[in-house]
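Worksheet: one structure, shown below.
The values are calculated or read from the model by the stated rules, or taken from the named source; none is laboratory data. The structure presented is a predicted model; accordingly, all values stated were derived computationally and were not measured. Cβ atoms come from the backbone with ideal geometry, glycine included; neighbour counts cover every protein chain shown.
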Amino acid sequence: MKIVFDALEPAARDLFEKELAGHELVFLDVIAPDSLRSVPDAEAISVFVSSPLTRAHLEALPSLKLIAARSTGYDHIDAAYAKERGIQIATVPTYGARTVAEYAFALMLALSRKAYAAYDRLRTEGTTDVKDYEGFDLAGKTLGIVGTGNIGKNVARIAKGFAMQIKLFDVRPDEAFAREVESPYAPLEELVAESDIISLHVPYLPTTHHLVNADLLARFKPGSMLINTSRGAIVDTQALVHALKSGSLAGAGLDVIEGERELLDEAALLSDEHHDIKAFQVLVAAHALLDMTDKVILTPHIAFNTREAKREITATTIQNIKAFVSGAPAHTIR
């Protein structure tokens with residue numbers, strides 16, 4: 001089978017070549033419709049979240065049967081068109097469950113102790129004033145966890161080690177887990193109203209688009225903080241900027257942001273084909289967040305990025321491809 005991959009680190013490429021010996025592997029630096037037309041007979045493609053697969057991409061691959069996403073989420077893939085074509089999508093359902101949970105706490109600690117703001121001032125001005133950087137303990141504070149999948153569960157377990165109080169929200173409550181961590185599930189509006197820090201761990205779906213919007217932000221506990229390591233479009237970026245500027249929200253730790261692809265490639269918005277005013281508004285809001293160094297930490301979607309998590313992604317992707325070839329597809333979406 002001919003399998004196309006987007007850009008891979010050498011260690012991952014070596015492992016794919018070893019474990020998928022006998023298949024024809026094609027490695028492309030850029031996944032674009034034009035580059036894909038060079039491999040029209042490819043039956044499988046494996047991409048990370050940084051490589052979108054739109055209808056135009058998929059139309060360039062008429063023989064495609066499998067998309068092996070090297071991620072849990074698949075909102076970068078036109079799943080509706082893939083289903084229409086009978087193309088199966090396999091994902092990596094559980095990688096980084098501890099990795100991302102730990103990173104959520106890295107953001108919490110950096111915000112609660114104003115670590116980056118102090119460093120940035122010391123670096124740029126060569127001085128600082130201790131009284132400007134009074135923080136607060138996590139112990140005793142209430143952490144609202146939105147989404148209790150594998151990552152959300154690990155966030156709760158770590159929070160217990162910090163002696164935090166916990167509130168949980170999920171559309172499918174896991175009461176056994178609630179008993180394990182001795183913390184209740186609550187309606188989302190109640191959770192945000194009573195939590196000092198809210199951490200998001202839900203997938204991006206039509207039902208979670210702008211889950212955190214102006215109406216919900218207005219219900220947040222005054223002076224609370226938001227952590228997002230899930231998907232950017234779960235939060236309405238413009239509403240978030242307004243909440244931070246007004247002071248109703250004290251801070252935000254964001255590893256993902258709505259329109260992050262546009263932020264990394266702003267020039268693409270200048271093309272003649274791009275007439276989406278909303279994309280420009282989101283980009284302006286993202287720049288506003290970047291300027292709020294005293295209350296916002298924004299990182300470029302790196303919560304997953306540890307040696308351990310990347311090994312897990314590669315190993316599961318190999319298993320998914322082998323399972324598909326054997327006629328027993330694994331980890332496929334419906």
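For the reader, a short list of remarks on this structure follows.
- Any hit, the stretch 150-167, residues being modelled with pLDDT under 95, assigned by TED's automatic domain parsing to the domain that holds ASP196 and not β-branched (Val, Ile, Thr): yes
- The stretch 191-234 - residue that is within 12 Å of THR142 (Cα to Cα) and of a type in the set (D, E, K, R) and, of those, nearest to the chain's Cα centre (by Cα): ASP196
- Annotation: of all residues in the stretch 218-238 being under 23 Å from VAL100 (Cβ atoms) and in a helix (DSSP H, G or I), the one that is modelled with the highest pLDDT is ILE234.
- Failed item, numbered, when ARG85 is tested on (1) farther than 25 Å from LYS310 by Cβ; (2) basic (Lys, Arg); (3) surrounded by 18 or more Cβ atoms within 10 Å (Cβ to Cβ): (3)
- Test: residue in the stretch 319-333 that is among the polar types (S, T, N, Q), farther than 30 Å from VAL241 by Cβ and not in a helix (DSSP H, G or I): yes
- Selection count, the stretch 91-125, where residues are acidic (Asp, Glu) and more than 26 Å from LEU249 (Cα to Cα): 1
- Taken over the stretch 150-169, the criterion of being crowded, with 19+ Cβ neighbours inside 10 Å and either assigned to a loop (DSSP other than H, G, I, E, B) or not polar (S, T, N, Q) (or both) is satisfied by ILE151, GLY152, LYS153, VAL155, ALA156, ALA159, MET164, ILE166, LYS167, LEU168, PHE169.
- Scanning the stretch 280-317 for residues that are surrounded by fewer than 18 Cβ atoms within 10 Å (Cβ to Cβ), β-branched (Val, Ile, Thr) and assigned to a helix (DSSP H, G or I) gives a single hit, VAL284.
- Candidates are the residues of the stretch 120-149 that are among the small types (Gly, Ala, Ser) and modelled with pLDDT of 90 or more; the one that is surrounded by the most Cβ atoms within 10 Å (Cβ to Cβ) is GLY144.
- Unique match (being farther than 20 Å from ALA323 by Cα and of a type in the set (Lys, Arg)) among ARG70, ARG37: ARG37
- Summed over the stretch 1-52, residues that are aliphatic (A, V, I, L, M), in contact with a His (Cβ under 6 Å, 6 or more places away or on another chain) and modelled with pLDDT under 95 total 1.
- For the stretch 1-17, the set of residues classified as within 24 Å of the chain's Cα centre (by Cα) and surrounded by 13 or more Cβ atoms within 10 Å (Cβ to Cβ) consists of VAL4, PHE5, ASP6, ALA7, LEU8, ALA12, ARG13, listed by residue number.
- Failed item in (1) within 17 Å of ASN320 (Cβ to Cβ); (2) loosely packed, with under 14 Cβ neighbours inside 10 Å; (3) of a type in the set (D, E, K, R), with GLU24 passing the rest: (1)
- For the stretch 53-97, a residue qualifies if it is at pLDDT below 95 and assigned to a helix (DSSP H, G or I), and exactly one does: ALA97.
- For the stretch 18-41, the set of residues classified as in a loop (DSSP other than H, G, I, E, B), closer than 14 Å to LYS2 by Cα and under 27 Å from the mean Cα position of the chain (by Cα) consists of LEU28 only.
- The residues of the stretch 100-153 that are in contact with a strand residue (DSSP E or B) (Cβ under 7 Å, 6 or more places away or on another chain) and of a type in the set (Phe, Trp, Tyr) amount to a single one, TYR116.
- Qualifying residue in the stretch 33-46 (condition: surrounded by fewer than 20 Cβ atoms within 10 Å (Cβ to Cβ), under 27 Å from VAL256 (Cα atoms) and among the hydrophobic types (A, V, I, L, M, F, W, C)): no
- Qualifying residue in the stretch 193-201 (condition: farther than 24 Å from TYR103 by Cβ, touching a residue at least 24 places away in the same chain (Cβ under 8 Å) and of a type outside the set (Gly, Ala, Ser)): yes
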